[in-house]
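Worksheet: the structure to be examined is printed underneath.
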Amino acid sequence: MATVQEKEYVAQISKKLKKEQRALGYRRLRSNYGLLIGATIFAILVLLALIGPLFTSYGPYDMKVVDRLTAPGAQHWLGTDEFGRDLLTRLLYGARVSISVGLAVALLSSALGLIIGVYATYFKTLDHILMRICDGLIAIPGILLAIALMAALGASALNVIMALTIVFTPNIARVVRSAALVVREQTYIEAMHVQGASATRIIWQHIVPNTLSPLLVQATFVFAEAIISEAALSFLGAGIPAPEASWGNILQASKLVIYKAWWMVVFPGTALVLSVLSLNLMGDGLRDLLDPRVKHKSRKS
């Protein structure tokens with residue numbers, strides 16, 4: 001009977017602790033204003049990109065030359081471009097392209113960087129080879145490397161994703177490697193190795209889960225940098241080819257009419273700034289939320 005009572009007592013205490021941990025997590029999340037503001041802004045942008053084009057009466061390629069460079073008004077809320085295309089419609093379709101490219105680059109570079117980082121940590125021979133390759137890629141300015149890759153691959157959305165993935169993977173690999181090195185030196189990892197656990201089991205069951213927090217934060221920053229880089233490539237004519245809409249090639253077209261049509265610079269530039277700012281706020285908020293030192297300070301307060 002005593003054993004049953006002890007088990008029930010332990011279960012109650014465990015349930016109470018879990019409830020308090022959840023409550024503490026919710027309080028810390030509610031107090032993280034940067035994360036909440038960034039997530040709200042970015043969620044609005046994603047929602048506009050997904051359902052916004054369904055409520056416009058224009059297509060992204062519909063041209064009406066007589067309405068070219070029309071100022072914002074009742075018929076065209078954000079005005080028209082140099083070919084008479086509705087700017088609001090093109091911005092909404094451009095949001096789909098820019099956000100999709102950024103998300104794809106963040107996911108692919110995170111996956112590749114995770115694999116490179118953890119395996120380089122565990123196998124010393126791979127560490128010397130892979131990290132020297134990463135150092136060489138990091139030494140080249142990212143935008144120049146992306147332009148060179150696009151010149152070799154050709155202008156298309158898929159090639160932009162491939163080029164930017166190559167650019168950002170080394171940075172993520174080094175972040176993962178630095179986090180994995182701390183885990184690799186823990187006593188329980190050495191004990192598992194002595195007991196005969198396979199490298200695959202140690203890496204994927206014990207090292208990888210402990211690197212996901214810094215990886216998630218870094219992926220958020222890469223998301224923002226990928227959107228900026230895609231816009232830069234498209235602005236330079238090496239990214240998304242016209243007439244497909246993206247924020248970068250809309251800005252590229254605006255440079256010819258900047259003194260006649262201010263709206264072609266202001267509105268796509270604002271959309272670009274909001275998306276990158278929201279992602280950076282989310283990244284900073286996630287870093288504060290997942291940083292163990294911040295957790296410790298929260299408990300002490």
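Below, the figures for the structure above:
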{"read-out": "Residue exposure sequence - Ile13, Ile115, Ile202, Ile240 - by fewest surrounding Cβ within 10 Å", "value": "Ile13, Ile115, Ile202, Ile240"}
{"read-out": "Relative contact order [Cα under 8 Å, 6+ residues apart], the stretch 1-149, whole percent", "value": "13 percent"}
{"read-out": "Two-site label geometry, Ala139 and Phe123: point separation in nm, points 7 Å out along Cα→Cβ", "value": "2.5 nm"}
{"read-out": "Distance between modelled label sites at Val46 and Glu8, nm, 7 Å Cα→Cβ extension", "value": "4.5 nm"}
{"read-out": "Proxy reagent accessibility, fewest Cβ within 10 Å first, across Ile189, Ile227", "value": "Ile189, Ile227"}
{"read-out": "Most mobile of Ala106, Ala224, Ala151 in a GNM of the chain (Cα contacts under 10 Å)", "value": "Ala151"}
{"read-out": "Loop-located GluC sites (Glu not before Pro) in the stretch 177-232 whose Cβ has at most 10 other Cβ within 10 Å (DSSP)", "value": "Glu185"}
{"read-out": "Nearest-20 debye value, the stretch 180-263 charge dipole, Cβ charges on Lys, Arg, Asp, Glu", "value": "180 debye"}
{"read-out": "Gained length - Leu54 relative to Ala191, 0.36 nm times residue gap less alpha-carbon distance", "value": "43.5 nm"}
{"read-out": "Candidates Ala191, Ala219, Ala271: whichever shows maximal mean-square fluctuation once the chain is modelled as a Gaussian network with Cα springs under 10 Å", "value": "Ala191"}
{"read-out": "Taking Arg287, Arg28 and counting other C-beta atoms within 10 Å, the order from fewest to most", "value": "Arg28, Arg287"}
{"read-out": "Selected from Leu29, Leu216, Leu272 as most flexible by GNM, with the chain as the system and alpha-carbon contacts under 10 Å", "value": "Leu29"}
{"read-out": "Helix 2-30 vs. the chain, principal-axis angle (Cα, 0 to 90°, nearest 10)", "value": "30 degrees"}
{"read-out": "Table column - 3J(HN,Hα) (Hz), the stretch 184-197, Karplus curve with 6.51, -1.76, 1.60, x for Gly and Pro", "value": "4, 8, 5, 5, 5, 5, 5, 5, 5, 5, 5, 6, x, 5"}
{"read-out": "Computed lengthening from Gln75 to Leu290, 0.36 nm per intervening residue step minus Cα-Cα distance", "value": "72.7 nm"}
{"read-out": "Rounded to 10°, Cα long-axis angle of helix 33-51 versus longest principal axis of the chain", "value": "50 degrees"}
{"read-out": "Anchor Lys260: aspartates and glutamates whose Cα lies under 12 Å away (excluding residues fewer than 8 positions away in-chain)", "value": "Asp81, Glu82"}
{"read-out": "The stretch 107-171: chymotrypsin sites (Phe, Trp or Tyr not before Pro) falling in loop per DSSP and having at most 15 other Cβ within 10 Å", "value": "Phe123"}
{"read-out": "Leu107-Leu17 FRET efficiency (beta carbon distance; Förster radius 25 Å; 0.05 resolution)", "value": "0.10"}
{"read-out": "The stretch 1-155: equivalent-ellipsoid semi-axes (sqrt of 5 x gyration tensor eigenvalues, Cα, Å)", "value": "48, 33, 12"}
{"read-out": "All aspartates and glutamates inside 15 Å of Lys124 as judged from Cα atoms, apart from same-chain residues fewer than 8 positions distant", "value": "Glu185"}
{"read-out": "Cα long-axis angle, helix 124-139 against the chain (0 to 90 degrees, to the nearest 10)", "value": "30 degrees"}
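Laboratory data are not the source of any read-out in this text; all were calculated from the coordinates shown. Since we're looking at a predicted model, the values are computed, not measured. Cβ coordinates were reconstructed from backbone atoms using ideal geometry, including for glycine residues, and neighbour counts include every protein chain displayed.
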